[in-house]
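Engineer: One structure, pasted below without further comment.
Read the figures in this text as sums done on the coordinates, not as results from a lab. Keep in mind that what you see is a predicted model, and the values were worked out from it rather than measured. FYI the Cβ positions are ideal-geometry reconstructions off the backbone, even for glycines, and counts take in every protein chain you see.
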Amino acid sequence: MRGFWSGAVEFEALGGFPERFMNEAEACDVTIWNARRQGMSLFGSCRAVDYGALRPAAKKSGVRLRIKRRLGLPFWLRPFRARWGMVVGCVSALVLLHALSSRVWVVTVEGNQTVTDTEITDVLTPLGIHLGANFDDVDIAALRLEALRQLPTVGWLSVSQSGSVVTVKVKEKEPSVPTEETAPADIVAAADGVVRRVTVTSGQAAVKEGDTVAKGDLLISGCLESENGPMLRRARGSVVGEVTETVSITVPFAEEVPCEKQAEVRPTVVFFGLSVPLYTDGETEGRLVEERRWVRVGGRELPIGITLTRVMTPNTQTITRTADEALAEAHRRLAEAEKPFADGTVESRAVSESVTENGVTVTGVYTLVREIGQTRDIF
Amino acid sequence: MNRREVCERTEHALGLPTGTLTSGVRLEITDNRRAVIEGCKRIVTYEEDEICVATAAGCVRFRGRELCMTARAGEQAVVTGRLTCVEYEG
């Protein structure tokens, strides 16, 4: 529409000499459009800023001017003069929306199993896929090659964009099957015990059921006698034996336990890639633990949130226990120590307790039936 | 020989379109709905059924119905409506 941005006025010139009025207007460099004659009146339009310049022309030609309608953006915005903040807000919102919609604000990773999202996004960040990046500037083909080079466990990777969301799909490589070891080897005793069962798959049994063996004794030999002399093989099989294990746990009544203390919290507000630290920058000593709290909408993280960086410093904590508490703690630790015995069978368990002036000692003696053979290369 | 005649003879001698060197009036009419005039000096008559404009070569009078001068800038004017007659005077 003509005159929309600067504003336009529809007017009526009544009586007088309309032709002279138009000629005078032209002489004043005022452009009149849509001029039409209706009876004694002449209707036309001009720019709002030129309307004042029409008055001398109207006076000379004897016409009376009357505004019929005001058109255009300035007149449309006039009612909002008292609410200029709203107009500025709307314009700012539109500008922001336009500026931010072409950027990357959410990066999602799909298909990864062993590689974490952070590992993948850390690789992609220097390659151009990060919050606030312009996706059009990214060379996807080069990015894929470089990302696959830096992520050796990933076999395939694709990057696609949908609005401000970039989706990274990966497929990890299948784990390779370890090749079977073929070097000549014996199976020897990993602990002292009494042999209960011997199963030989390859090699020559050196012990039989009921034999007592010491740690390091040969159980299954990889050296086979033949008509052509000794042949070396890799001994394979199972030797189950009865072994005795002793576990002793001492829990003092007063104990100093190493721990960490939170020395400082450093919050940082993150808003669309802009990080605003809410702390003074200074030297810190200790371990930094980062905790991210992002705004989530529909299960998807938005680039708005707070990052809390906790500075943890080494510290010690003194724990004081009563006799009962020390005993309970000793039994808890003993149960923890028994967990490795789960790969065998516990045939007997004898637990004894003793209390001294410094603490409580719990001793467990176990009779286990488990695999005692371990492979040892001959060469 | 005045300046205008010199320009007209030069145009003729060089085979240039009329109005190239002279400030002649150009009139372009599309169907019977729209007429564009270049070289319009002033408006002589402006009525619903008649618009007359003065040019260097005389007056050009448009007759018709619902006539409207939709644009006028400098020496150019656009007349729209249902044209029934175009007359040259002078």
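Engineer: Show the residues, 5+ positions off or on another chain, whose built amide H is closer than 5 Å to the amide H of A:GLY359.
Structural biologist: A:PHE253
Engineer: Please list, in chain and number order, the residues 5+ apart from A:ARG234 or on another chain whose amide H is under 5 Å from its amide H, with Hs placed from the backbone.
Structural biologist: Close amide H contacts, sequence-distant or interchain: A:ALA185.
Engineer: What list of ³J(HN,Hα) couplings, whole Hz, do you get for region B:26-34 from phi and the Karplus terms 6.51, -1.76, 1.60, once you set θ to phi - 60° and write x for glycine and proline?
Structural biologist: With coefficients 6.51, -1.76 and 1.60, one gets 10, 10, 10, 10, 10, 6, 10, 10, 8 Hz.
Engineer: Would you mind listing how long chain A runs along its three principal axes, going by Cα atoms, in whole Å with the largest first?
Structural biologist: 136, 68, 36
Engineer: For A:PHE379 and A:GLU119, what is the calculated FRET efficiency with R₀ set at 51 Å and r taken between the beta-carbons, to the nearest 0.05?
Structural biologist: 0.80
Engineer: Let me ask something additional. Taking neighbour counts of Cβ atoms within 10 Å as a proxy for exposure, in what order, fewest first, do A:ASP377, A:ASP136, B:ASP49, A:ASP50 appear?
Structural biologist: A:ASP136, A:ASP377, B:ASP49, A:ASP50
Engineer: Still on this model: ³J(HN,Hα) across region A:245-259 via Karplus (A = 6.51, B = -1.76, C = 1.60, θ = phi - 60°), whole Hz, x for Gly/Pro?
Structural biologist: 10, 10, 10, 10, 10, 10, 10, x, 6, 10, 9, 9, 10, x, 8
Engineer: Where does helix A:323-337 land angle-wise versus the long Cα axis of chain A, in degrees 0 to 90, nearest 10?
Structural biologist: Taking Cα atoms only, the helix is inclined about 90 degrees.
Engineer: Could I ask something else about it? So for the protein assembly as shown, taking the charge dipole from beta-carbon charges (+1 Lys/Arg, -1 Asp/Glu), which of A:ALA214, A:THR356, A:TRP294 sits furthest toward the positive end?
Structural biologist: The listed residue farthest towards the positive side: A:TRP294.
Engineer: Please determine, in degrees from 0 to 90 and to the nearest 10, the orientation of helix A:140-150 with respect to the longest principal axis defined by the Cα atoms of chain A, where the helix direction is its Cα long axis.
Structural biologist: Orientation of helix A:140-150: about 20 degrees from the principal axis.
Engineer: Here's another thing I want to ask about it. What distance in nm separates the two pseudo spin-label positions at B:THR18 and A:GLU291, each 7 Å out from Cα along the beta-carbon direction?
Structural biologist: Here the answer is 9.2 nm between the modelled labels.
Engineer: If I fit a long axis through the Cα atoms of helix A:18-27 and take the longest principal axis of the Cα atoms of chain A, what angle between them do I get, 0 to 90°, rounded to 10?
Structural biologist: The angle comes out near 60 degrees.
Engineer: Same structure, new question: According to the square roots a ≥ b ≥ c of the eigenvalues of the Cα gyration tensor, what is the shape class of region A:224-346, taking rounded for a/c under 1.5, prolate for a/b larger than b/c otherwise, and oblate for the remainder? All intermediate terms of the calculation are to be shown ahead of the outcome.
Structural biologist: On the way: a/c = 3.17, a/b = 1.68, b/c = 1.89.
It is oblate, given that a/c is not under 1.5 and a/b is not larger than b/c.
Engineer: Right, another one. Can you pull the Rg over Rh of region A:106-172, Cα-only, Kirkwood?
Structural biologist: Computed over Cα atoms, the ratio is 0.91.
Engineer: Taking the alpha-carbon centroid of each part, what is the distance from region A:327-352 to region A:171-230 in angstrom?
Structural biologist: 29
Engineer: State, as an integer percentage, the relative contact order of chain B based on alpha-carbon contacts under 8 Å between residues 6 or more apart.
Structural biologist: Dividing the mean separation by the residue count of chain B yields 23 percent.
Engineer: Let me ask something else about it. Which whole number gives the average count of other chain Cβ atoms within 10 Å of the Cβ atoms across peptide B:48-57?
Structural biologist: The mean count of partner-chain Cβ atoms within 10 Å per residue comes to 1.
Engineer: In sequence order, what are the phi-derived ³J(HN,Hα) couplings for region A:85-97 according to the Karplus relation 6.51 cos²θ - 1.76 cosθ + 1.60 with θ = phi - 60°, rounded to whole Hz, with x for glycine and proline?
Structural biologist: x, 5, 5, 4, x, 5, 5, 4, 4, 5, 5, 4, 4
Engineer: Follow-up question, since we're still on this one. Of the GluC sites (Glu not before Pro) in region B:1-83, which ones lie in a loop per DSSP and count no more than 14 other C-beta atoms within 10 Å? Intermediate values should be presented prior to the final figure.
Structural biologist: Numbers: sites: B:GLU5, B:GLU8, B:GLU11, B:GLU28, B:GLU38, B:GLU47, B:GLU48, B:GLU50, B:GLU66, B:GLU75; in loops: B:GLU47, B:GLU48, B:GLU75.
In loop regions of region B:1-83 (DSSP not H, G, I, E or B), the sparsely surrounded GluC sites (Glu not before Pro) are B:GLU47.
Engineer: Something else: Regarding region A:185-241, what are the three Cα extents along the principal axes, ordered largest first, in Å?
Structural biologist: For region A:185-241, the Cα extents along the three principal axes come out at 35, 17, 15 Å.
Engineer: Can I ask one more? Would you mind checking region A:102-126 for residues with the amide N under 11 Å from a putative spin-label position 7 Å along Cα→C-beta of A:ASP137?
Structural biologist: A:104
Engineer: Scan around A:GLY373 for amide H atoms under 5 Å from its own, H built in the peptide plane at 1.01 Å from N, and keep only partners 5 or more places away or cross-chain.
Structural biologist: Hits under the 5 Å cutoff: A:ALA190, A:VAL239.
Engineer: Extension gain A:THR268-A:ALA27, at 0.36 nm per residue separation less the Cα-Cα distance, in nm?
Structural biologist: 80.2 nm
Engineer: Where the convex hull is taken over the Cα atoms of region A:1-101, what is its projected area averaged over directions, in nm²?
Structural biologist: Across all orientations, region A:1-101 yields a mean hull projection of 7.9 nm².
Engineer: Let me ask something else. With +1 on each Lys and Arg Cβ and -1 on each Asp and Glu Cβ, and nothing else charged, work out how big the dipole of the protein assembly as shown is about its Cα centre, in Debye to the nearest 20.
Structural biologist: The dipole of the protein assembly as shown has a size of about 4540 debye.
Engineer: Taking the Cβ-Cβ separation of A:VAL276 and A:MET86 as r and a Förster radius of 22 Å, what is the calculated FRET efficiency to the nearest 0.05?
Structural biologist: E(calc), rounded to 0.05, equals 0.25.
Engineer: Then there's this: Tell me, what is the FRET efficiency for A:ARG78 and A:ARG2 to the nearest 0.05, using R0 = 25 angstrom and their Cβ-Cβ distance as r?
Structural biologist: Result of the calculation: an efficiency of 0.80.
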